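The values are calculated or read from the model by the stated rules, or taken from the named source; none is laboratory data. Everything numeric in this text was worked out from a predicted model, so none of it was measured. Cβ placement follows ideal geometry from the backbone for every residue including glycine, while neighbour counts extend to all protein chains displayed. All accessible areas refer to the heavy atoms of the entire protein, side chains included, with ligands and DNA or RNA removed. Shrake-Rupley method; radii C 1.70, N 1.55, O 1.52, S 1.80 Å.
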Amino acid sequence: HGVELALSTPAASIGVITKRVSNPALMATMLAPILKEPASAIELKLSSEKFQWLRRLADPGVTQRLHDLDLPALQFEQETKRYYPKGTLAAHLLGFVDIDHKGLAGLELLYGDQLAGKDGESIVQVDALQQSYSTTIAEQPVAGESLYLTIDETIQSIAEKRLAQGIKETGARKGAVIVADPNTGDVLAMASWPTFDPNNRATDGTDWN
């Protein structure tokens with residue numbers, strides 16, 4: 001019915017041009033409470049000779065606070081972040097992606113190439129102070145395709161709630177439910193327990209096995 005179960009939303013990634021950092025220790029002290037990381041770990045990045053990412057796909061609040069610092073060494077890159085608006089709903093079926101949008105499980109993995117599209121390419125010229133003065137688009141990006149499922153959000157939700165209830169009543173460790181239309185074979189719901197939230201999963205994936 002056109003209900004979005006997985007989509008990509010804009011998000012900023014923040015890096016640092018280390019050649020512009022004059023006092024790594026002081027800057028690390030300023031960044032630590034915003035990034036919620038030890039100042040010592042941030043200082044190591046700031047002391048590097050190469051460009052460093054400080055936070056990929058940052059939350060809007062973090063991005064705004066870093067913007068407000070107005071530090072010339074910080075660089076903000078606009079990217080997209082995978083978002084699952086229904087949380088745990090159909091989590092095993094949908095799967096999830098890594099920070100670079102590569103599918104790691106479920107439909108995200110199975111249809112990863114079609115969903116991902118193709119990155120574009122730009123050529124950026126910078127001066128001796130690492131200030132960009134010219135940007136040329138060498139190749140336009142190609143948007144990924146959309147994937148429409150036979151899953152019905154209401155039936156999926158009911159199946160997951162009844163499965164959770166059955167697990168609790170029987171003391172089972174795992175369970176699964178599939179609901180299909182007997183006339184067409186369309187899968188209307190596919191639920192598994194235990195479940196997970198693809199928006200907040202462990203990086204090693206052990207929370208969804």
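Only residues that are open to solvent by less than 70 Å² (accessible area, probe 1.4 Å) and either closer than 17 Å to Q75 by Cβ or of a type outside the set (A, V, I, L, M, F, W, C) (or both): list them for the range 109-126, please.
From the range 109-126, those open to solvent by less than 70 Å² (accessible area, probe 1.4 Å) are 112, 115-117, 120, 122, 126; that's our starting set.
Listed by number, the residues that qualify are G112, G117, G120, S122, V126.
Which one of these is open to solvent by less than 30 Å² (accessible area, probe 1.4 Å), within 27 Å of N200 (Cβ to Cβ) and free of Cβ contacts under 8 Å to residues at least 24 places away in the same chain: A39, A32, A12?
Result: A32 is the single residue among A39, A32, A12 that is open to solvent by less than 30 Å² (accessible area, probe 1.4 Å), within 27 Å of N200 (Cβ to Cβ) and free of Cβ contacts under 8 Å to residues at least 24 places away in the same chain.
Among the residues that make up the range 189-206, is at least one of them closer than 26 Å to K81 by Cα, at pLDDT below 90 and among the β-branched types (V, I, T)?
Yes: the range 189-206 contains one or more residues that are closer than 26 Å to K81 by Cα, at pLDDT below 90 and among the β-branched types (V, I, T).
Of the numbered conditions (1) at pLDDT 80 or above; (2) not in a strand (DSSP E or B), A128 satisfies every one except a single condition; which is it?
A128 satisfies every listed condition except (1).
Within the range 61-82, count every residue that is open to solvent by 70 Å² or more (accessible area, probe 1.4 Å), touching a residue at least 24 places away in the same chain (Cβ under 8 Å) and either hydroxyl-bearing (S, T, Y) or more than 24 Å from P141 (Cα to Cα) (or both).
2
Yes/no per residue for (1) touching a strand residue (DSSP E or B) at 6+ places or on another chain (Cβ under 7 Å); (2) within 16 Å of T9 (Cα to Cα); (3) not in a loop (DSSP other than H, G, I, E, B):
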{"position": "D68", "(1), (2), (3)": "no, no, yes"}
{"position": "P72", "(1), (2), (3)": "no, no, no"}
{"position": "R82", "(1), (2), (3)": "yes, yes, yes"}
{"position": "L89", "(1), (2), (3)": "no, no, no"}
{"position": "H101", "(1), (2), (3)": "yes, yes, no"}
{"position": "L104", "(1), (2), (3)": "yes, no, yes"}
{"position": "L107", "(1), (2), (3)": "no, no, yes"}
{"position": "Q114", "(1), (2), (3)": "no, no, yes"}
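A143: more than 26 Å from the chain's Cα centre (by Cα) and either modelled with pLDDT of 95 or more or surrounded by fewer than 19 Cβ atoms within 10 Å (Cβ to Cβ) (or both), yes or no?
When the stated conditions are applied, A143 does not pass them.
Right, A90: closer than 30 Å to K161 by Cα and either out of contact with any Lys or Arg (no Cβ under 7 Å at 6 or more places or on another chain) or open to solvent by 50 Å² or more (accessible area, probe 1.4 Å) (or both) or not?
Yes; evaluated as a whole, the condition is true for this residue.
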